[in-house]
Amino acid sequence: MGFRKVGVVGLGTMGAGIAEVLARGGVETVGIEINDAALERGRDNIESSTGRAVKRGRLSEEAQAQILGRIVFSTDFAALSDCDLVIEAVPERIDLKEKVFAELDKVCGPDAVLATNTSSLSVTEIAAATTRPDSIVGVHFFNPAPVMKLVEVISTERSRPEFVAAVTELVRDLGKTPVTIGDRAGFVANRLLFGYLGPAAQLLESGEAGKEDIDASMTAIGLPMGPLTLMDLIGLDTCLEVLEAIHRDSGEARHEPAPLLRSLVAEGALGRKTGRGFYTYEKAGSGSVAGSTEAVEGKASSEISDRLYGPYLQDAAEMVRSGYCDADAADAAMTLGCGFPVGPITELRNRGQWAQ
C-alpha cells in the first residue's frame, strides 16, 4: 500500500522536521497544531530549515517553493480525515499522546495507519487509546529529522504486518534507513544510549569523578562528545523522561535517573537550550561553555571509560542474542541514530569479543 497523503500532528522541532522530510519526498502533507500561534511557529521552522538549505546551495529556491507547496497547515483535526497515514509528534507525555490518538480515532478513515513518533513510551499503551490498536505503529525519527538517516519502525503484538511493512517502505522511499523492531521502552537506540548516559550522571552524583574527567574519558576513546555534554545537548528534561520510561520497564538501578539530574530539571537547568545544565553556557542555545573550555579539559581515565562503555557494549550484545534486533540494526541505531563512530557489535568484533 502506498501513502498518498500523510498528516503530522505537532509541528515542534521534531514534527516540523518530519513534515519537511515528507514534503521533500514528494508526499502531500498536512501539518496540525493546537492553535494559530503554534501553527505559525511550525511553519516558520520549516521555512527556516529549507531556507538554510537554499543558502548552502543544497536546495534551489524552486525546490523550496515546491516543498512548502506540498504542506497544508491547519488547527483542525478534520483536515486529517482523508490522510492514509498520520504521524503524531507531540511532547513525550503519555496522557497527551493518548488524547491525540483518541481524536485521530474519531476523524481518520478506517483504513488509515496511525503512527507515533515516541522515542521511549510504549506504543502498545498509546494504541490502547483507540478502537483500532491493530492500525497503530511506531515510527521514531531522530533529530534533526531532515538530516538523520535512522528511523525506528516499531510494531506491537497487534500491529497489522502489512501496515508495518508499508511504513517501513515509506521510510526507505524517503531516503532513510529503517530498523524494524518490537515494542519495548527505549527501543534500540535510546535503550542503548541511555544505558550509557544514565550511569554517567550517576557517576557524577556519587562524587567519584568530576564532569570534565567523565567527558574526557569518553572522548579519549573516540566518541564525538562526552556523555554529560551530550545530555546537555539533548536536553536534560528529555533525558529524564526517557530514563524514567526505561527504568519503569527494566527496573534496573543503572537506568534510574540520578537525583542530580532530577534537581537540575526541577531548577529549569535543562542544558544548552536554557544556558545551564551539567555545564554553564555563554548563552541559551550556545554550544560554547562559559568562561573556559572546561568540557574538554578533564583528565581521561580508562577506569571511567570501561565502567561506562563496557555495560553499553554488553547491552547491545544481549539485545542481539535475545533476538530483539540483529547486529546490523544495533550498529545502525548507534551510528546513524546517535552519531557514534563505530557500532557496538562492530566494536565487540574489533575487540575479538563477538563470535556470532
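So which of Leu114, Leu96 ends up being free of Cβ contacts under 8 Å to residues at least 12 places away in the same chain and either surrounded by 14 or more Cβ atoms within 10 Å (Cβ to Cβ) or out of contact with any helix residue (DSSP H, G or I) (no Cβ under 7 Å at 6 or more places or on another chain) (or both)?
Details: Leu114 fails: free of Cβ contacts under 8 Å to residues at least 12 places away in the same chain.
Only one candidate qualifies: Leu96.
Is there any pair with a first residue in the range 58-80 that is open to solvent by 70 Å² or more (accessible area, probe 1.4 Å) and a second that is part of a helix (DSSP H, G or I) whose Cβ atoms are under 7 Å apart and which are 6 or more apart or on different chains, and what are they?
Glu61/Val54; Arg70/Ala23; Val72/Ala79
Is there a residue in the range 347-354 that is in a loop (DSSP other than H, G, I, E, B), in contact with a strand residue (DSSP E or B) (Cβ under 8 Å, 6 or more places away or on another chain) and either modelled with pLDDT under 95 or open to solvent by 30 Å² or more (accessible area, probe 1.4 Å) (or both)? Spell out the reasoning first.
Step one: of the range 347-354, the residues in a loop (DSSP other than H, G, I, E, B) are 351-354.
Those left that are additionally in contact with a strand residue (DSSP E or B) (Cβ under 8 Å, 6 or more places away or on another chain): none.
Taking every residue of the range 347-354 in turn, none turns out to be in a loop (DSSP other than H, G, I, E, B), in contact with a strand residue (DSSP E or B) (Cβ under 8 Å, 6 or more places away or on another chain) and either modelled with pLDDT under 95 or open to solvent by 30 Å² or more (accessible area, probe 1.4 Å) (or both).
Please go through the range 122-143 and give me each residue that is open to solvent by less than 20 Å² (accessible area, probe 1.4 Å) and not in a strand (DSSP E or B), ordered by number.
Residues of the range 122-143 open to solvent by less than 20 Å² (accessible area, probe 1.4 Å): 123, 126-127, 130, 135-142.
Result: Val123, Ile126, Ala127, Thr130, Ser135, Phe142.
Starting from residues that are over 14 Å from Leu230 (Cβ atoms) and at pLDDT below 90, keep the ones in the range 274-288 and report whichever is most open to solvent (accessible area, probe 1.4 Å).
The extreme case among them is Lys283.
Can you pull out every residue in the range 241-281 that is basic (Lys, Arg) and within 19 Å of the chain's Cα centre (by Cα)?
Going residue by residue through the range 241-281, those that are basic (Lys, Arg) are 248, 254, 262, 272-273, 276.
Those that are basic (Lys, Arg) and within 19 Å of the chain's Cα centre (by Cα): Arg248, Arg272, Lys273.
When you check Cys338 against the structure, is it in contact with a strand residue (DSSP E or B) (Cβ under 9 Å, 6 or more places away or on another chain), open to solvent by 20 Å² or more (accessible area, probe 1.4 Å) and assigned to a loop (DSSP other than H, G, I, E, B), yes or no? First the steps, then the outcome.
Values: in contact with a strand residue (DSSP E or B) (Cβ under 9 Å, 6 or more places away or on another chain): yes; open to solvent by 20 Å² or more (accessible area, probe 1.4 Å): yes; assigned to a loop (DSSP other than H, G, I, E, B): yes.
It is true that Cys338 is in contact with a strand residue (DSSP E or B) (Cβ under 9 Å, 6 or more places away or on another chain), open to solvent by 20 Å² or more (accessible area, probe 1.4 Å) and assigned to a loop (DSSP other than H, G, I, E, B).
Counting only residues that are of a type in the set (A, V, I, L, M, F, W, C) and open to solvent by less than 10 Å² (accessible area, probe 1.4 Å), which one in the range 1-20 is farthest from Thr238 (Cα to Cα)?
Taking the range 1-20 and keeping what is of a type in the set (A, V, I, L, M, F, W, C), we get 1, 3, 6, 8-9, 11, 14, 16, 18-19.
After this cut, where a residue has to be open to solvent by less than 10 Å² (accessible area, probe 1.4 Å) as well, the list is 6, 8-9, 11, 16, 18-19.
Numbers: Val6: 26, Val8: 21, Val9: 19, Leu11: 17, Ala16: 18, Ile18: 19, Ala19: 21 Å.
Filtering first and then ranking leaves Val6.
The values are calculated or read from the model by the stated rules, or taken from the named source; none is laboratory data. Here the structure is a predicted model, which is why all the values come from computation and not from measurement. Positions of Cβ are backbone-derived with ideal geometry, glycine not excepted, and every protein chain shown enters the neighbour counts. Just the protein is used for accessible areas: all its heavy atoms, side chains included, with ligands, DNA and RNA removed. Shrake-Rupley method; radii C 1.70, N 1.55, O 1.52, S 1.80 Å.
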